[in-house]
Amino acid sequence: MRGETVLELDRVDLAIGRRAVFRQLSARFARGQTTAILGATGSGKSSLASLMAGAILPSAGEVLSRGRIAPVIGQNAGLGETANLGRDLGTRASAYGLNTSAYCQAVAHFAGDPQCLDRPYDLSTAAQKGAVNRAAALLIPADIYVSDGLIVPAAVEQVRENTQDDGVISLLNQRRRQAAVIWITGAPGTILQQPADRFALLHRGALHFFETGAELILAYSETGHAVPRGVMRTAERALATES
């Protein structure tokens with residue numbers, strides 16, 4: 001049901017070595033809700049994505065999921081581990097109970113290169129890896145999608161005549177309606193490009209929530225982190241319009 005909580009972080013602590021990454025981190029994420037999270041280098045973005053996806057366990061507290069979690073978009077777990085991409089995807093399809101052939105062909109279609117299945121993942125170009133990574137996660141029916149720094153190129157209305165981007169964005173928009181979508185990024189500019197229902201700053205091991213992307217960018221800049229001038233001007237204009 002839209003609006004129900006499908007992922008909850010309950011007083012989560014995470015320590016890596018002697019470093020405390022998170023302390024008493026709590027948050028809830030609902031079905032049909034898109035959350036954009038901005039964090040600086042070293043703030044724990046990848047650790048947060050891995051926690052949400054169940055790839056790592058907290059030192060204390062609980063990560064409670066009430067549904068299927070797709071592989072993290074932007075983390076290549078399971079890709080590049082066999083002789084070719086087709087085998088990598090076949091293993092993933094089996095793990096999620098999907099039809100292997102249909103899943104592999106669908107990923108290749110979104111990547112725009114049917115031959116990519118026959119090559120090792122590591123021999124693909126950066127653009128192909130990005131397309132494969134997005135499609136391979138979004139093509140898995142799930143209740144929770146987490147992106148670690150890898151953003152879909154543009155919003156639907158900004159798409160040029162590019163069937164690859166258009167197809168991935170259409171798929172993403174389908175997922176937004178029925179799942180919790182969490183975009184974690186270190187690039188302030190992407191916050192204003194991606195449609196989201198709420199926004200959060202990951203800072204000093206905690207999540208601080210904001211109603212708009214412009215508010216988030218201003219708060220991010222006030223913590224001492226650099227924001228491109230053009231992005232800041234856009235955010236300032238948006239805040240002035242809202243007030």
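The values are calculated or read from the model by the stated rules, or taken from the named source; none is laboratory data. Given the structure is predicted, the values throughout are model-derived calculations rather than measurements. As a convention, Cβ positions derive from the backbone with ideal geometry for all residues, glycine included, and neighbour counts pool all protein chains shown. The accessibility values were calculated without ligands, DNA or RNA, using every heavy atom of the protein model including side chains. Shrake-Rupley method; radii C 1.70, N 1.55, O 1.52, S 1.80 Å.
Condition first: in contact (Cβ under 8 Å) with a residue 24 or more places away in the chain, open to solvent by 30 Å² or more (accessible area, probe 1.4 Å) and farther than 18 Å from PHE29 by Cα. Now tell me which residues in the stretch 41-73 satisfy that.
THR41, ILE56, SER59, ALA60
Which members of the stretch 1-19 meet the condition of being open to solvent by 50 Å² or more (accessible area, probe 1.4 Å) and either in a strand (DSSP E or B) or β-branched (Val, Ile, Thr) (or both)?
ARG11, ALA15, ILE16, ARG19
Please verify whether ALA136 is under 24 Å from SER46 (Cβ atoms), outside any helix (DSSP H, G or I) and at pLDDT 85 or above, treating the condition exactly as stated.
no
Looking only at the stretch 94-133, count every residue that is surrounded by fewer than 21 Cβ atoms within 10 Å (Cβ to Cβ), in a helix (DSSP H, G or I), small (Gly, Ala, Ser) and more than 15 Å from the chain's Cα centre (by Cα) and tell me the total.
7
Which residues, taken from the stretch 211-230, are closer than 18 Å to SER43 by Cβ, in contact (Cβ under 8 Å) with a residue 40 or more places away in the chain and over 21 Å from the mean Cα position of the chain (by Cα)?
Across the stretch 211-230, the qualifying residues are THR223, HIS225.
Identify all residues within the stretch 141-183 that are modelled with pLDDT under 70 and in contact with a Gly (Cβ under 6 Å, 6 or more places away or on another chain); write none if there are none.
Residues satisfying the conditions are LEU150, GLN164.
Cβ-Cβ distance below 6 Å, separation of 6 or more or different chains: which pairs start in the stretch 190-210 with a residue that is farther than 26 Å from ARG177 by Cβ and end on one that is in a loop (DSSP other than H, G, I, E, B) and open to solvent by 20 Å² or more (accessible area, probe 1.4 Å)?
Listed by first residue and then by second, the contacts come to HIS203/THR223.
Among the residues that make up the stretch 76-84, is at least one of them of a type in the set (S, T, N, Q), without any contact (Cβ under 8 Å) to a residue 40 or more places away in the chain, touching a Leu at 6+ places or on another chain (Cβ under 9 Å) and in a loop (DSSP other than H, G, I, E, B)?
Yes; the residues of the stretch 76-84 include at least one that is of a type in the set (S, T, N, Q), without any contact (Cβ under 8 Å) to a residue 40 or more places away in the chain, touching a Leu at 6+ places or on another chain (Cβ under 9 Å) and in a loop (DSSP other than H, G, I, E, B).
Within the stretch 209-237, track down each residue that is of a type in the set (Asp, Glu), in a helix (DSSP H, G or I) and surrounded by fewer than 17 Cβ atoms within 10 Å (Cβ to Cβ).
Within the stretch 209-237, GLU222, GLU236 qualify.
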